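This report concerns only the one structure given below.
The values are calculated or read from the model by the stated rules, or taken from the named source; none is laboratory data. It should be emphasised that the depicted structure is a prediction, and the values quoted were computed from it without experimental measurement. FYI the Cβ positions are ideal-geometry reconstructions off the backbone, even for glycines, and counts take in every protein chain you see. Side chains are part of the model used for accessible areas, which takes the heavy atoms of the whole protein and leaves out ligands, DNA and RNA. Shrake-Rupley method; radii C 1.70, N 1.55, O 1.52, S 1.80 Å.
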Amino acid sequence: MKQNKTISIIRTISIIIASLLLISWGDSWEQIRKPAKDITSVEAEFVQKKQMPILAKPLVSKGKLFFQVPRSLRWEYLSPVNSILLMHGGTVTRYVKKDGVVTKDSSARLQSMQIVLQEITTWMKGNFDANPAFRPELRPGRIIMLKPKDKSMADIIRRIELRLSDRPGVIRSVRIYENEKSFTEIEFIKVRLNEKLPGSLFERLQ
């Protein structure tokens with residue numbers, strides 16, 4: 001039960017992280033917020049690695065994400081399991097493809113996802129202090145540290161570390177720590193900014 005809850009929260013945080021790709025590197029919060037206003041869309045590939053002491057080697061997932069302001073998101077896992085989460089107009093829908101069959105996920109956890117995703121517009125503007133769930137800290141070395149304020153969340157996620165790229169508007173990688181030995185790392189590659197994305201990308205599977 002706890003493992004399922006952990007996986008659900010990690011997926012939720014992963015989606016929030018997609019919005020953070022809109023943030024530019026700077027030495028202060030103001031330097032982060034200002035350039036973010038010029039970003040209209042993000043397209044990227046990602047490699048996600050899950051590391052735990054019980055695993056002989058990390059669990060690796062690959063996928064793509066598309067984000068368009070103000071609140072449209074497509075977060076798609078391509079392997080090892082094909083699943084797609086769409087957000088458009090404030091509505092969140094998740095689909096899972098297995099053995100050639102696509103099913104719609106209508107579980108209760110989508111409600112919590114929807115609440116979190118509504119905050120994307122504030123995160124992409126660099127307003128980390130506006131999010132009630134995490135306490136932000138800007139550290140040297142182009143690192144943003146996010147620590148949960150609520151103890152129940154902290155029992156599952158110890159902290160989130162975001163490493164900013166040299167390129168304005170791009171985050172290089174993210175680590176989500178459940179504890180000091182278990183974490184999920186997401187590395188973003190082939191990032192493209194301000195491309196024109198069709199609205200259908202966020203409304204249906206394609």
Picked from segment 153-187 (must be open to solvent by less than 50 Å² (accessible area, probe 1.4 Å) and under 21 Å from LYS37 (Cα atoms)), the residue modelled with the lowest pLDDT is GLY169
- For segment 13-33, does any single residue satisfy the condition of being modelled with pLDDT of 90 or more and farther than 20 Å from THR184 by Cβ? no
Flagged pairs (Cβ under 6 angstrom, 6 or more apart or on separate chains; first in segment 63-86, on the phi > 0 side of the Ramachandran plot; second open to solvent by 40 Å² or more (accessible area, probe 1.4 Å) and hydroxyl-bearing (Ser, Thr, Tyr)) are none
Taking segment 188-200 and the residues there that are touching a strand residue (DSSP E or B) at 6+ places or on another chain (Cβ under 9 Å) and surrounded by fewer than 16 Cβ atoms within 10 Å (Cβ to Cβ), the one that is nearest to ASP38 (Cα to Cα) would be ASN194
Filter segment 47-104 for residues that are small (Gly, Ala, Ser) and open to solvent by less than 60 Å² (accessible area, probe 1.4 Å); the one that is modelled with the lowest pLDDT is GLY90
The lone condition PHE202 fails out of (1) over 21 Å from THR40 (Cα atoms); (2) at pLDDT 85 or above; (3) among the aromatic types (Phe, Trp, Tyr) is (1)
